[in-house]
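**Q** Sharing a structure, written as structure tokens. Questions coming.
The values are calculated or read from the model by the stated rules, or taken from the named source; none is laboratory data. All of these numbers come straight from a predicted model, not from anything done at the bench. A quick note on method: Cβ atoms are made from the backbone with ideal geometry, for glycine too, and the neighbour counts reach across all protein chains shown. For accessibility, only protein heavy atoms count, side chains too; no ligands or nucleic acids. Shrake-Rupley method; radii C 1.70, N 1.55, O 1.52, S 1.80 Å.
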Amino acid sequence: MSNEDTRPSAIRWYYEGLSAGAFRAMRCSACGRLTFPPTGCCEHCGSWSVEGAEISGEGTLLFATHNIAPACHPRFEAIAPYVYGHIRLKEGNIVQAIVLGVEAVPDQLHALFKRGPVPVKAETLTMQDLPVLAFRLAG
Ligand SMILES: [Zn+2]
């Protein structure tokens, strides 16, 4: 008898979804809350009783800034400098991601600051071999 965990990888499942334009999370059977991006257990209560769920991809941009150091991986050099931010998903979770639709220049960042919380919509940014979560300004 093997103790090997035969459950599918939540990370692989997340990236396969992202490649197809789907935004996948885990819903906890114990507390009902979502973990996004998905992991093997609930980020809220620690339960391992989670199952796949899709999120809307709709959210609100709460914070935005840009990198001043080299990008965290060479694959991101193609879009550097880029804006990234904190997004509150419609489902309540807060995630960090690249923000599209605004350039990392003072005038555009200042205009964004003056607008306040801005609606955003998730999309998949393909960086070389890796699908990357990004959110584009909406409305
Ligand atoms: Zn939970």
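**Q** Identify the residue in segment 54-71 that is within 18 Å of T124 (Cα to Cα) and surrounded by 16 or more Cβ atoms within 10 Å (Cβ to Cβ) and, among all such residues, is nearest to the chain's Cα centre (by Cα).
**A** This residue is G57.
**Q** Tally the residues that are of a type in the set (A, V, I, L, M, F, W, C), at pLDDT 95 or above, more than 16 Å from the ligand (Cβ to nearest atom) and surrounded by 12 or more Cβ atoms within 10 Å (Cβ to Cβ), restricting the search to segment 1-32.
**A** Selection size over segment 1-32: 3.
**Q** Another question about this same structure. Could you please find all residues in segment 108-123 being open to solvent by less than 40 Å² (accessible area, probe 1.4 Å) and either in contact with a Cys (Cβ under 6 Å, 6 or more places away or on another chain) or in contact (Cβ under 8 Å) with a residue 24 or more places away in the chain (or both)?
**A** L109, L112, V118, V120, A122
**Q** Among what's in segment 35-50 and is assigned to a loop (DSSP other than H, G, I, E, B) and buried (at least 19 other Cβ atoms within 10 Å of the Cβ), pick the residue that is nearest to the ligand (Cβ to nearest atom). Please lay out each step first, then the result.
**A** Just the residues of segment 35-50 that are assigned to a loop (DSSP other than H, G, I, E, B), to begin with: 36-49.
With the extra rule that they be buried (at least 19 other Cβ atoms within 10 Å of the Cβ), the set shrinks to 36-38, 42.
Working: F36: 13, P37: 16, P38: 13, C42: 3 Å.
If we take residues in segment 35-50 being assigned to a loop (DSSP other than H, G, I, E, B) and buried (at least 19 other Cβ atoms within 10 Å of the Cβ), then C42 is nearest to the ligand (Cβ to nearest atom).
**Q** Against the definition (open to solvent by 30 Å² or more (accessible area, probe 1.4 Å) and free of Cβ contacts under 8 Å to residues at least 40 places away in the same chain), how does P74 come out, yes or no? It would help to see each step written out before you state the result.
**A** Details: open to solvent by 30 Å² or more (accessible area, probe 1.4 Å): yes; free of Cβ contacts under 8 Å to residues at least 40 places away in the same chain: yes.
Judged against the criteria, P74 is a match.
**Q** Cβ-Cβ below 7 Å, separation at least six or inter-chain, first residue in segment 92-107 and in contact (Cβ under 8 Å) with a residue 40 or more places away in the chain, second in a strand (DSSP E or B): which pairs?
**A** Close Cβ pairs satisfying both conditions: N93/L34; V95/I87; V95/L89.
**Q** Which members of segment 77-101 meet the condition of being open to solvent by 20 Å² or more (accessible area, probe 1.4 Å) and either within 21 Å of F23 (Cβ to Cβ) or in a strand (DSSP E or B) (or both)?
**A** Matches in segment 77-101: I79, Y82, Y84, H86, R88, K90, E91, G92, I94, Q96, L100, G101.
**Q** For R75, are the conditions met, namely being at pLDDT 95 or above and either within 16 Å of the ligand (Cβ to nearest atom) or not β-branched (V, I, T) (or both)? Give the derivation first.
**A** Details: at pLDDT 95 or above: no; either within 16 Å of the ligand (Cβ to nearest atom) or not β-branched (V, I, T) (or both): yes.
Here the answer is no, as R75 does not meet what is asked.
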